[in-house]
Amino acid sequence: MLEVGGALLMHSIGLSASLGAFLAGVFLADSEFRHELEADIQPFKGLLLGLFFMAVGMGANLGVFADRPLAVCALSLGLVVVKLVMMFAMASSTRSTARAVR
């Protein structure tokens, strides 16, 4: 019920209903009901994961890739570079080595 309320609240303020349901799930995951929720969801985990990826895939706008393939590839590469720089900075700040990751 909390997920539906979160979804309706986010939708009413102009944000994605999925974001509201996700945030409600995050709050419940840190609650005392965590183990009960995990037991209830376990049989449906694969189905829900598949449904999530199907919904994300159906929401993709492939027309943008067809219209501007170089821009999409450049932005994707830029995102990877930004993530690598951030990971390197975090690893450097904790004095982590490559051997510690393995």
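Read the figures in this text as sums done on the coordinates, not as results from a lab. In this text, all values refer to a predicted model and were calculated from it rather than measured experimentally. With ideal geometry, Cβ positions are generated from the backbone for all residues, glycine too; neighbour counts draw on all protein chains shown.
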Practice item. Specify the inter-centroid distance of the range 43-80 and the range 1-26, based on alpha-carbon positions, in whole Å. Key: 22 Å
Check your understanding: Just going by the charge dipole of the range 1-60, with Lys and Arg at +1 and Asp and Glu at -1 on Cβ, which of Ala7, Ala55, Pro43 is farthest out on the positive end?
Key -> Ala55
Practice item. Quote to one decimal, in nm, the extra length available between Ala17 and Leu79 on full extension: 0.36 nm per residue of separation minus the C-alpha distance between them. Key: 19.7 nm
Revision key, fill the gap. log10 I(q)/I(0) for the range 1-60, Debye formula on C-alpha points only (no solvent), q = 0.22, 0.27 Å⁻¹, two decimals, reads -1.00, -1.12
Review point. Based on DSSP H runs of at least 4 residues, each adding -39500 (n - 2.57), what is the mean residue ellipticity at 222 nm of the chain after dividing by all its residues, to the nearest 500 deg cm²/dmol?
Key: -24500 deg cm²/dmol
Exercise for review: Along Cα→Cβ, 7 Å out, is where each label goes; now give me the distance between the ones at Ala39 and Ala91 in nm to one decimal.
Suggested key: 4.1 nm
**Study point:** Percentage relative contact order, the range 1-60, counting C-alpha pairs under 8 Å, at least six apart
**Key:** 22 percent
Revision key, fill the gap. Rg/Rh over Cα atoms for the chain, Kirkwood Rh, comes to 1.09
